Amino acid sequence: MAKILDKQRYKCAMSAMQTVQAISRAIPVLHSGPGCAQKLSSSSGNSGYFSPNIYPCTSINEKDVVFGGVNKLRSTIKNSLKVIDADLFVVLTGCIPEIVGDNTEEVVEEFRDANKPVIYASTAGFKGNNYKGHEQVVDAIIEQFLEKSEERIKGLVNIWADVPYQDEFWHGNLRELERLISELGLIPNTIFGYDRGIENVKKIPQAEFNLLVSPWVGLENVKKMEEKFDIPYLHYKTLPIGAYETSEFLREVGKYAGVEEEKIENIIKEKEKYYYYYVERYADLFLETRVMSKQFSVVGDAQYTLGITKFLVNDLGLFPAKQFIVDDTPKAYREAITKEFETLNYDIKAEVVFETDGYKIHKEIKEHDYHGYPLIIGGYWEKSVAAETNAHFLNVSWPVNERLVMNGYYVGYDGGLKLIEDIYSVAKTRFN
């Protein structure tokens, strides 16, 4: 019997077009049916240099299913190079050409000597979701564009986090990670967002190490770069939100990079002094509203469910109910991620469930006794169950339909303060 999946929290692998778009002056070339880009352009802030509505596309149809679509692909790439001013063209394949067996790799190889680089990623929807599609695009850059470098730029660190646009806070989070790395005296290198782009992509093989800040997305990419470019990597599983986790992040990254311990601790001391100044000013508010939400649940991808759970327990002293990870995390990573939820302060352990069915998630939330008003942090789909349970609700994870996020972020000390503001702005409405 077919399974009905309610309130899905991810899109198909071809939505990796958003990963391409997040690289300045990079353009996806879609080898797919004409509707794919439109169906996958639902995230806000997606207009960019080129809108998904005008991406070059082969727009294959029934005739191409019978006779193949490689000729259309060849002409689409050729004409895109003529009329589009871009620095990198990334061909993304949809379901139809992969089912009928179009040799996309062979066609793209014909453009190896084009005036601008052309690469391709296999992103058929049946091969996975957009988290895996994101990894496929990065993998294509590694395998088809970059070359090994014997030169290393001292202190240069490639930073990788979660999926652009799927994470509405991706841009601000990356910039704050850059600032934290700079505090340690290192040189951050990211390829996504404002004024990054192809020049930063070219620097990747010259880094001293890769820093992956993600529970699982991107792990295979940094392993491949270690194998191909001899670049070691540090895998920091938790998105650092607030004072406790950000201080741990600085210590671990600093130690890995060989930064003097005294320098690291001085940075942390100053940052925590600043952070707790604001927390102390509003301590009365936190204590007054504490009884309203004795327990909380986070519904999001592994990045936010883990990061926010640690923040709410370690920084705010709240107690976790069941937590829900909805990104269809590959089974190979689940045990390690589950263990992270058992490393909370005060010997607290959070139960975590890997679940993609919104109906089941909402059912469990409604059946749990939160001992007061629940605090539910999740996607827009959780607004309905929050209303049913009289909960405080904050829309953080995809889909984000209740707020506009331009360069906002939750990473770091300032990001933690911003998350406190957002949570308690909701809690204060109880007084009105």
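The values are calculated or read from the model by the stated rules, or taken from the named source; none is laboratory data. No experiment lies behind these values; they were computed from the predicted model shown. As a convention, Cβ positions derive from the backbone with ideal geometry for all residues, glycine included, and neighbour counts pool all protein chains shown. Note: areas computed on protein heavy atoms with side chains; ligands, DNA, RNA excluded. Shrake-Rupley method; radii C 1.70, N 1.55, O 1.52, S 1.80 Å.
Structure notes:
- By the Stokes-Einstein formula, at 1.306 mPa s and 10 °C, the chain with its Kirkwood radius over alpha-carbon pairs has D equal to 70 µm²/s.
- Potential lengthening of the chain between residue 252 and residue 369 amounts to 38.4 nm, from the contour at 0.36 nm per residue minus the alpha-carbon distance.
- Residues in region 250-264 carry Karplus couplings, in order, of 4, 5, 5, 5, x, 5, 4, 8, x, 6, 4, 4, 4, 5, 4 Hz; the curve used is 6.51 cos²θ - 1.76 cosθ + 1.60 with θ = phi - 60°, and Gly or Pro positions show x.
- Computed magnitude of the charge dipole of region 314-380 (debye, nearest 20; Cβ of K, R +1, Cβ of D, E -1): 120 debye
- Shape analysis of region 59-110 yields a ratio of the Cα radius of gyration to the Kirkwood radius, Rg/Rh, of 0.98.
- 5 angstrom amide H check on residue 233, placed H, neighbours 5+ away: 210
- Karplus (6.51, -1.76, 1.60) ³J(HN,Hα), θ = phi - 60°, over region 84-98, in Hz, Gly and Pro reported as x: 10, 8, 9, 9, 8, 10, 10, 7, 10, 9, x, 5, 4, x, 7
- Under 5 Å, built H, 5+ apart or other chain: amide partners of residue 353: 323, 324, 325
- Equivalent ellipsoid of region 312-418: semi-axes from √(5λ) of the C-alpha gyration tensor, largest first, are 20, 19, 17 Å.
- Our estimate of slack between residue 334 and residue 156, defined as 0.36 nm per intervening residue step minus the Cα-Cα distance, is 61.0 nm.
- Between residue 286 and residue 388, the simple spin-label model (points 7 angstrom out along Cα→Cβ) gives 3.3 nm.
- Residue-normalised accessible area of the chain, given per residue in Å² at a 1.4 Å probe: 44 Å²
- For region 89-160, the residue among 155, 130, 94 whose Cα projects farthest onto the positive side of the dipole built from Cβ charges is 155.
- Our note on the geometry: Cα centres of region 75-136 and region 255-287, 46 Å apart.
- Normalised per residue, the volume of the convex hull around the Cα set of region 156-259 (Å³): 95 Å³
- Of the chymotrypsin sites (Phe, Trp or Tyr not before Pro) in region 235-330, those whose Cβ has at most 12 other Cβ within 10 Å and which sit in DSSP loop: none
- Modelled label positions at residue 182 and residue 422, each set 7 Å beyond Cα in the direction of Cβ, lie 2.3 nm from each other.
- Greater than 21 Å apart at Cα, pairs in 127/331; 148/202; 310/339; 339/363; 322/360: 339/363
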